[in-house]
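Trainee: Shown below is the structure under consideration.
The values are calculated or read from the model by the stated rules, or taken from the named source; none is laboratory data. Nothing here was measured: the structure is a model prediction, and the numbers come from that model. So basically every Cβ, Gly included, is an ideal-geometry build from the backbone, and we count neighbours across all protein chains shown.
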């Protein structure tokens, strides 16, 4: 009986060792980031992470344990072959998850989850998104991890004691008692203990350093939980912090001063053409006027001198799909998910294109890549765009990389087709050349094979394409009656290696440009805090149109508006005002970033406002 018990314990604790190796690889892979966490927090991630490790190991242990019991009824040994196959498959999946987690965390700053897995529906785009991660190294790590773990399995676990069901009473009673005990132990450990609420990833959070908390999370457990929670939490608000009426009152106060029309009218014509250019990954860190590098975007700097720069604007989320919902629909990003991918909810969103179409505008949608990626085609269809241009509309000869047509090619097509477009028109344009893997058809400007240099080169190419675009259209008949809106879909950690949850990573440019802007407003900078979601109301009010459907949009040109911006990251949010900024991690249940000049009282006020905002936002998301 002792050998029987020892074997089962070895089988269970083998998986604990596997997860120890997982965590060790994660820490060594991001060793530079862990310097900020310190040795103490790095070591504590192993201790606190054991709870999820124990739970995940119990799930992996359950099936071999059941088959082992069945084996005791038979003389012929089939268990060894089964265990080898089961362990090979499990280790292969775990090693793949571990390597994928490294790549996703490097690119997104989040653990591998359902949202990341959803990209696999578009394997080419998923591969290109991961190109900033060293894929060959990740494959080598995956193979090495599998080989090491399987070697340990062969040396420590594969040999098991031959065992048959005892026929005498005392041994039989001990045998059945032992099995019941292991079954009970497995069920309890799967659940994480006897507490009222089953274990979840927040159970292993132990400090205010995000990467140390993320190291404590068992990735294999988390990815399964992420997939299951999408189903089980489909009708449950995950972010309830206060009574709903209290949260609604706090949110209402943020919008209380927004009138239905701007007191400041910057346009000389209330019905101009509008060209809305969504810039891929354009962080403030590549814009000189926003404190970024000086030589990356000289053409945008020229536009800023002649237009209006909104210098304190923040992205709502971390990915293009979230940015698209914020810019085109005025709907803020949600943690862990994206409304863009859910057609049953998407159809309930307001669309800037629909409002403009009702007002007599002809509408068009331009993207050089695959329209299926990011659900762009569904967005364009629900947005009732009359003309939709995507990858299939470009000749293969014009494709520089697998993402699709480069920005120069795409912008050239758009400007030529605007020559014959019926005015007034609303043309929504999405760039892509500054996306990973940052390969562009241009002579290198920033030498170096490092990611920051590649990223700046890609942004420089898009800026060059924009310069050529505006130079080509400046003498056209439609140019003088057109407002150009240029804004990023989201920020980026490059080129300054920003933390994934800090406000600076979400800081983006917003530029209004065009001869249709009144001369007295050209060249000015507006520094009030705002979000991507605020652009819809701002534009509609300038056109003397109602923004009632865009309840999350806060006119940037309304003098008495409450200046604020809200953004989300993986299970957390940021709140920014003119006075302070914070980032809050919902798993750790604590503020993980606070601006240096703000007071504790200001931080607490921002925290309550941010919690109320997220609670009400998620309520509305669930209702759609």
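Trainee: Can you find even one residue in region 542-555 that is assigned to a helix (DSSP H, G or I) and either modelled with pLDDT of 95 or more or under 20 Å from residue 488 (Cβ atoms) (or both)?
Mentor: Checked region 542-555: at least one residue is assigned to a helix (DSSP H, G or I) and either modelled with pLDDT of 95 or more or under 20 Å from residue 488 (Cβ atoms) (or both).
Trainee: Can you find a residue that is touching a strand residue (DSSP E or B) at 6+ places or on another chain (Cβ under 9 Å), closer than 30 Å to residue 591 by Cα and in the same structural domain as residue 274 (by TED's automatic domain parsing) anywhere in region 509-525?
Mentor: Looking through region 509-525, at least one residue is touching a strand residue (DSSP E or B) at 6+ places or on another chain (Cβ under 9 Å), closer than 30 Å to residue 591 by Cα and in the same structural domain as residue 274 (by TED's automatic domain parsing).
Trainee: State the number of residues belonging to region 557-578 that are closer than 29 Å to residue 108 by Cα and in contact with a helix residue (DSSP H, G or I) (Cβ under 7 Å, 6 or more places away or on another chain).
Mentor: So the answer is 8.
Trainee: In addition: Collect the residues in region 593-617 that are surrounded by 20 or more Cβ atoms within 10 Å (Cβ to Cβ), touching a strand residue (DSSP E or B) at 6+ places or on another chain (Cβ under 8 Å) and either assigned by TED's automatic domain parsing to the domain that holds residue 336 or in contact (Cβ under 8 Å) with a residue 60 or more places away in the chain (or both), keeping them in residue-number order.
Mentor: 609, 611, 613, 614, 617, listed by residue number.
Trainee: Right, another one. What number of residues within region 558-578 satisfy the criterion of being crowded, with 24+ Cβ neighbours inside 10 Å and not in a strand (DSSP E or B)?
Mentor: Number of matching residues: 0.
Trainee: Next up: Which members of region 423-438 meet the condition of being part of a loop (DSSP other than H, G, I, E, B) and under 19 Å from residue 373 (Cα atoms)?
Mentor: Matches in region 423-438: 431, 432, 433, 434, 435, 436, 437, 438.
Trainee: Now, a different point. Can you tell me which residue among 60, 137 is closer than 27 Å to residue 456 by Cα, modelled with pLDDT of 90 or more and in a helix (DSSP H, G or I)?
Mentor: Criteria check complete, one pass: 137.
Trainee: Taking residue 322 as the residue in question, decide whether it is more than 23 Å from residue 479 (Cα to Cα) and without any contact (Cβ under 8 Å) to a residue 40 or more places away in the chain.
Mentor: In short, no.
Trainee: Looking only at region 295-315, decide whether some residue is under 24 Å from residue 551 (Cα atoms) and assigned to a loop (DSSP other than H, G, I, E, B).
Mentor: yes
Trainee: Taking interchain pairs and intrachain pairs at least six residues apart, which have beta carbon atoms under 9 angstrom, with the first residue in region 132-153 and outside the structural domain of residue 30 (by TED's automatic domain parsing) and the second surrounded by 13 or more Cβ atoms within 10 Å (Cβ to Cβ) and part of a helix (DSSP H, G or I)?
Mentor: Partner pairs satisfying both residue conditions: none exist.
Trainee: Also: Among the strands (runs of 3 or more DSSP E) lying completely within region 358-422, list those that include at least 1 residues that are modelled with pLDDT of 90 or more and outside the structural domain of residue 279 (by TED's automatic domain parsing).
Mentor: none
Trainee: Can residue 10 be described as within 29 Å of the chain's Cα centre (by Cα), over 19 Å from residue 200 (Cα atoms) and surrounded by fewer than 21 Cβ atoms within 10 Å (Cβ to Cβ)?
Mentor: no
Trainee: While we're on this one: State yes or no: is residue 504 assigned to a helix (DSSP H, G or I), more than 19 Å from the chain's Cα centre (by Cα), under 30 Å from residue 591 (Cβ atoms) and in the same structural domain as residue 301 (by TED's automatic domain parsing)?
Mentor: Spelling it out, it is not the case that residue 504 is assigned to a helix (DSSP H, G or I), more than 19 Å from the chain's Cα centre (by Cα), under 30 Å from residue 591 (Cβ atoms) and in the same structural domain as residue 301 (by TED's automatic domain parsing).
Trainee: Now a separate question. Collect the residues in region 579-592 that are closer than 22 Å to residue 111 by Cα and either surrounded by fewer than 21 Cβ atoms within 10 Å (Cβ to Cβ) or touching a residue at least 40 places away in the same chain (Cβ under 8 Å) (or both), keeping them in residue-number order.
Mentor: Correct list: 583, 585, 586, 587, 588, 589, 590, 591, 592.
Trainee: In the set 383, 369, 404, which member is crowded, with 16+ Cβ neighbours inside 10 Å and at positive phi?
Mentor: 404
Trainee: Can you tell me how many residues in region 33-43 are more than 25 Å from the chain's Cα centre (by Cα) and either surrounded by 20 or more Cβ atoms within 10 Å (Cβ to Cβ) or within 14 Å of residue 201 (Cβ to Cβ) (or both)?
Mentor: 1
Trainee: Follow-up question, since we're still on this one. Condition first: assigned to a helix (DSSP H, G or I) and either surrounded by 21 or more Cβ atoms within 10 Å (Cβ to Cβ) or assigned by TED's automatic domain parsing to the domain that holds residue 593 (or both). Can you find one or more residues in region 474-497 that meet it?
Mentor: no
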